Amino acid sequence: MIFLRLILTNLSRHRIRTAISVAGIAFAVAAMLTVVTILQGAVGMFSSLLSADSQIVVFERNVADLFFSSVPQSAIDAIPTWTLVEHANPVLFGIVASPTQPIITCFGVTATDTRLTRATWVAGSDAAFRTAGQGAGGSNGADSVVLGERAAEFLHAQLHSTIALGNGHFTVDGILRTRNGFEDGGVFMPLATAQRFFHKQGIASVVTVKLRHASDAAAFKARMQREFPTLIALEDQEFNNTYSQFKILKATAWAVGLAGVLMGGLGVANTMIMSVFTRIREIAILRVNGFSPIQLTALILGEAAVVSFTGSVVGLGTGALAVMVLKSVPMLHGYVDATMSPGLLLAVAVLAIGTGIAGALYPAAYAMRVRPVEALRFE
Amino acid sequence: MNSSMPVGKATPNEPILRAEGLTKAYENGAIPVLHGVSLEVYPQQTVALCGPSGCGKSTLLHLLGGLDSPDSGEIVVRGQPLRPGRMVQTMLRHHVGFVFQLHNLLPDLTLTENCLIPTVAAGVPRAEAMERLHQLADRTGLSHRLQQRIQKLSGGERQRTALCRALMNRPSILLADEPTGALDEATSRQIFALLLELVDREGITLVMATHDRALAARCDRLLEMHDGKMMDSAGSGARTAG
């Protein structure tokens, strides 16, 4: 009890200094939580984009980014015919710019793609995908596209309006709403149109495959290996765990968050150093009254733990609030995954508290070395 | 508290505290303070160290209490040579109490909390510690001030609190460095009387540095120091049992 009282007394003695340290940890934790949550959300979205009503993703072996993957027409044609397969959807990814937007993701898909069949149609329909198939013009003769709802907003497009993408002009034949932020901010083209527009005739970036029986995954992969050795088939979870872009995103999220927490930890270290240096005489008094170096260390680390714990609690609350606010921003619709797992919260809190305590190790070591007889002369 | 004493036991005929040829200098030997000081203190004696400022009284007390190490010489406490480290820690927790000229209390804590610090260090159960505190507070007239912060206590009350704190773990030796030096004369007399009463009642050995010869005269022995040397000894050591 007295031990805790000593800890709290020491912290309350310099309330502003303590509050700044708590705020440092809190901001770090909030930043980490927000960054990790947003990037995990992005990864989750991209992953769900690939796994929409499918179990397996087929793409070119040894490519770092799916945008550079080339699945040949022979595979696009063959895979849906295999008896193991219930359906297979080729998708061509592309990036274009418009006069107002530097980056817009394009999806070249077929009419049977679940992205279209399961979407909520805000305006228009997927007729262009059914009829044109091969890129026939829209109502004014230009190629037809369907826009995600958010893409329609930032492109200021309406049904039947014409939009400029890259070097081409397209007629908006539909606007759809999906739960996926990437798709909502994207442009859907008939596969043939996309292949022509991106100069990738006969190519898809990926083929998403749904098997008749999930247990046939191994057999499907074996057949892929046999018949298309330049391609690779991965089950969704397998893909999520191995795709290098996901790894980079996750690593970036944790690295950025960790940097923030380390900054917070340095704040705690600074506070504890100041705290110890201004309490040399007090530390000497404790030593004279029998406190061991270990007990003094526990005292200093206890103070750091209280600061870090309080900062973590405040930071988790602030971070959760920030994520909720970001989630409600229309521009970020679908980009923020607001589900914060207990594991993530625990990891962030443990990291922050651990860093804070680590920051107090030097001050604690200094306190252990205080020689009472010299410190008692210290006024 | 004194029942488990890893540091040896003194018998009435043996000194509880013995120093042999202590030397000490500061600033890498540039400032010599003690020159071969020796003394023996027997259980339950009250010993006054007198001498002018800078003669080495405080340094000697610090060495005897293990707060500092001599450059040469030996200190034996309760029959065992004093070694830095764990032994000093054990001694400070169980066998030696310190009272300083400046009370050295923690100003943000209450009287009770200050007095409980040594018991926390020694791991004394709280109930036992509180019982001891009430006992000492009764004897020192501080019972009504237990929850007061140190800042609100008078100089005399603060020194009485420091005395209580020093005695919380029932030490067998009390080292007092000018315990009344910062008090007015009347308060000084009161505190010293209280100090003598407590050490007498609890059977504690007292070694006290003081300028005040009138106070020193009330101790069993008076040791005179000058320029880091022990000059002579007055008093018979009458309280040495046996």
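Yes/no per residue for (1) of a type in the set (Val, Ile, Thr); (2) modelled with pLDDT of 90 or more; (3) not assigned by TED's automatic domain parsing to the domain that holds residue A:222:
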residue: A:51; (1), (2), (3): no, no, yes
residue: A:54; (1), (2), (3): no, no, yes
residue: A:70; (1), (2), (3): no, yes, no
residue: A:75; (1), (2), (3): no, yes, no
residue: A:91; (1), (2), (3): yes, yes, no
residue: A:102; (1), (2), (3): no, no, no
residue: A:106; (1), (2), (3): no, yes, no
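Being modelled with pLDDT of 85 or more, within 17 Å of the chain's Cα centre (by Cα), crowded, with 24+ Cβ neighbours inside 10 Å and on the phi < 0 side of the Ramachandran plot narrows it down to one of A:22, A:29, so name that one.
Working: A:22 fails: within 17 Å of the chain's Cα centre (by Cα).
None of the other options fit; the residue is A:29.
Candidates B:107, B:125: the one that is surrounded by fewer than 16 Cβ atoms within 10 Å (Cβ to Cβ) and at pLDDT 90 or above is B:125. A residue that is modelled with pLDDT of 90 or more, more than 13 Å from chain A (Cβ to nearest Cβ) and within 28 Å of residue A:10 (Cα to Cα) cannot be found anywhere in segment B:178-193. Residues in segment A:51-77 that are touching a strand residue (DSSP E or B) at 6+ places or on another chain (Cβ under 9 Å) and small (Gly, Ala, Ser): A:51, A:52, A:54, A:69, A:70, A:75. Only one entry in A:154, A:107 is touching a Gly at 6+ places or on another chain (Cβ under 6 Å) and not aliphatic (A, V, I, L, M), namely A:107.
Do any helices (runs of 4 or more DSSP H) lying entirely in segment A:268-379 carry at least 2 residues that are at pLDDT 85 or above, and which ones are they? Break it down into steps so the answer makes sense when it comes.
Details: elements: A:280-288, A:293-328, A:342-359, A:361-368, A:372-375.
In segment A:268-379, A:280-288, A:293-328, A:342-359, A:361-368 are the helices (runs of 4 or more DSSP H) which contain 2 or more residues that are at pLDDT 85 or above.
Report yes if residue A:58 is in a strand (DSSP E or B), β-branched (Val, Ile, Thr) and surrounded by fewer than 17 Cβ atoms within 10 Å (Cβ to Cβ), otherwise no. Steps first, please.
Numbers: in a strand (DSSP E or B): yes; β-branched (Val, Ile, Thr): yes; surrounded by fewer than 17 Cβ atoms within 10 Å (Cβ to Cβ): no.
The answer is no for residue A:58.
Scanning segment B:50-78 for residues that are at positive phi and away from chain A (no Cβ under 12 Å) gives B:51, B:54, B:56, B:73, B:78.
Residue-wise test of (1) within 14 Å of another protein chain (Cβ to nearest Cβ); (2) free of Cβ contacts under 8 Å to residues at least 24 places away in the same chain; (3) out of contact with any Gly (no Cβ under 8 Å at 6 or more places or on another chain).
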position	(1), (2), (3)
A:271	no, no, yes
A:276	no, no, yes
A:279	yes, no, yes
A:282	yes, yes, yes
A:292	yes, yes, yes
A:300	no, no, yes
A:303	yes, no, yes
A:308	no, no, no
A:318	no, no, yes
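Being over 30 Å from residue B:108 (Cβ atoms) and out of contact with any helix residue (DSSP H, G or I) (no Cβ under 7 Å at 6 or more places or on another chain) is the requirement here; does residue A:237 meet it? Here the answer is yes, as residue A:237 does meet what is asked.
Say we look at segment A:2-17 and pick out the residues that are at the interface with chain B (Cβ under 7 Å from one of its Cβ atoms) and among the hydrophobic types (A, V, I, L, M, F, W, C); which of these is nearest to residue A:306 (Cα to Cα)? Steps first, please.
Of all residues in segment A:2-17, those at the interface with chain B (Cβ under 7 Å from one of its Cβ atoms) come to A:2-3, A:5, A:9, A:13.
Right, trim to among the hydrophobic types (A, V, I, L, M, F, W, C) and you get A:2-3.
Numbers: A:2: 15, A:3: 13 Å.
Among residues in segment A:2-17 that are at the interface with chain B (Cβ under 7 Å from one of its Cβ atoms) and among the hydrophobic types (A, V, I, L, M, F, W, C), the one nearest to residue A:306 (Cα to Cα) is A:3.
Residues in segment B:79-104 that are of a type in the set (A, V, I, L, M), outside any strand (DSSP E or B) and more than 8 Å from chain A (Cβ to nearest Cβ): B:82, B:87, B:88, B:91, B:102.
Quick grid of which residues meet (1) at pLDDT below 90; (2) more than 30 Å from the chain's Cα centre (by Cα):
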residue: A:132; (1), (2): yes, yes
residue: A:154; (1), (2): yes, no
residue: A:165; (1), (2): no, no
residue: A:171; (1), (2): no, yes
residue: A:193; (1), (2): no, yes
residue: A:222; (1), (2): no, yes
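Suppose the filter is more than 17 Å from the chain's Cα centre (by Cα), over 27 Å from residue A:308 (Cα atoms), in contact (Cβ under 8 Å) with a residue 24 or more places away in the chain and surrounded by fewer than 19 Cβ atoms within 10 Å (Cβ to Cβ); does residue A:65 pass it?
On the way: more than 17 Å from the chain's Cα centre (by Cα): no; over 27 Å from residue A:308 (Cα atoms): yes; in contact (Cβ under 8 Å) with a residue 24 or more places away in the chain: yes; surrounded by fewer than 19 Cβ atoms within 10 Å (Cβ to Cβ): yes.
Criteria not met by residue A:65.
Among the residues of this structure, residue B:131 does not count as one that is without any contact (Cβ under 8 Å) to a residue 60 or more places away in the chain, away from chain A (no Cβ under 11 Å) and touching a strand residue (DSSP E or B) at 6+ places or on another chain (Cβ under 6 Å). Just checking, does segment B:47-58 include any residue being buried (at least 21 other Cβ atoms within 10 Å of the Cβ), of a type in the set (Gly, Ala, Ser), in contact (Cβ under 8 Å) with a residue 12 or more places away in the chain and in contact with a helix residue (DSSP H, G or I) (Cβ under 7 Å, 6 or more places away or on another chain)? Within segment B:47-58, one or more residues are buried (at least 21 other Cβ atoms within 10 Å of the Cβ), of a type in the set (Gly, Ala, Ser), in contact (Cβ under 8 Å) with a residue 12 or more places away in the chain and in contact with a helix residue (DSSP H, G or I) (Cβ under 7 Å, 6 or more places away or on another chain).
Candidates in segment B:105-128 are the residues that are small (Gly, Ala, Ser) and assigned to a helix (DSSP H, G or I); of these, the one that is nearest to the other protein chains (Cβ to nearest Cβ) is B:121.
The values are calculated or read from the model by the stated rules, or taken from the named source; none is laboratory data. These figures come from a predicted structure and were not determined experimentally. So basically every Cβ, Gly included, is an ideal-geometry build from the backbone, and we count neighbours across all protein chains shown.
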